1. Can you order the peptides A:36-42, B:45-51 by their average number of other Cβ atoms within 10 Å per residue, highest first?
2. Which residue, A:VAL47, A:MET1, A:GLY33, has the largest displacement toward the positive end of the dipole of chain A when charges sit on each Cβ (Lys, Arg +1; Asp, Glu -1)?
3. With the alpha-carbon atoms as the only input, what is the per residue convex hull volume for segment A:1-44 in Å³?
4. Would you mind checking which residues have amide H under 5 Å from B:LEU26's amide H? H placed 1.01 Å from N; only 5 or more apart, or other chain.
5. Given contacts defined as C-alpha pairs under 8 Å and at least six residues apart, what's the relative contact order of chain A, whole-number percent?
6. Please average, across the residues of B:25-33, the number of beta carbons from any other chain that are within 10 Å of each residue's own beta carbon, and give a whole number.
7. For B:THR6, which sequence-distant residues (separation of 5 or more, or a different chain) have an amide H within less than 5 Å of its own amide H, given hydrogens modelled in the peptide plane?
8. Restricting things to alpha carbons, find the Rg to Rh ratio for segment B:1-54 using the Kirkwood radius for Rh.
Amino acid sequence: MLVLTRKSGQGIWIGDDVHVQILELRDGQVKIGIRAPQTKSVHRDEVYDRIRRLNILASSVQEKDLDKL
Amino acid sequence: MMEVATTRFGTVAVAEDEVWTFPQGLVGFEHLKRYVLLDSRKGASLQWLQALEDPSVAFLVCDPKVFLPSVEIRLPEGPAPLEPEAGKDFRKLKILTLLYVDRAEGKLHVNVHAPLLLDPGSRKGIQAVTDAPGATVSLPLQKS
């Protein structure tokens with residue numbers, strides 16, 4: 001993993017189309033601004049993991065499960 | 001017409017103009033981009049979104065307006081990475097929600113927090129993730 005140290009207000013470019021900026025540091029939390037093309041999806045870890053888990057569950061639904069209705 | 005192998009339905013004939021393309025795939029299934037909607041044996045209100053690139057992957061989907069009329073599907077506030085024209089007018093989009101089986105309860109649930117948005121014009125779709133922190137993820141499926 002690439003590790004960089006940044007101060008509030010500083011940013012990072014990822015490729016030539018994604019810009020991440022540290023907006024604010026307060027009480028152990030970091031506020032981050034992300035500028036990216038609309039084709040890039042950006043999700044919080046926990047949200048992404050939850051949806052991924054539910055999608056995997058959903059992909060295992062079988063024909064017989066229709067009888068559960 | 002192309003012949004598509006599926007594990008649930010055997011070989012299915014699909015016309016090219018029936019294909020839905022998800023340029024980003026679904027979350028966790030980013031490698032699968034092309035799908036077709038097939039009516040389930042319960043009728044057109046419950047359909048299977050069958051992946052064309054993996055015979056074993058199909059998602060049971062429903063129109064949330066039919067099964068969960070009282071539930072408001074919230075679309076993401078952020079940019080919808082569809083065609084700009086479709087993104088401007090959500091009313092033109094077809095919205096589908098994924099179903100999964102809660103194994104503990106043995107019931108079908110609807111995931112209302114990651115709906116599929118399909119643009120009939122471009123036949124492109126995305127899975128929108130509405131990421132309200134702490135929001136509950138699913139509701140048991142009710143018949144309307």
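FYI, it's all coordinate maths here, none of it is from the lab. The model shown is predicted, which means the values in this text are computed figures rather than measured ones. Positions of Cβ are generated from backbone atoms using ideal geometry, with glycine treated the same way; all protein chains shown enter the neighbour counts.
1. Listed from highest to lowest mean packing, they are B:45-51, A:36-42.
2. A:GLY33
3. Spelled out: Cα convex hull of segment A:1-44, divided by residues, is 100 Å³.
4. Answer set, sorted by chain and number: B:LEU32.
5. So the answer I get is 18 percent.
6. 4
7. Under 5 Å from the amide H of B:THR6: B:THR11, B:VAL12.
8. 0.96
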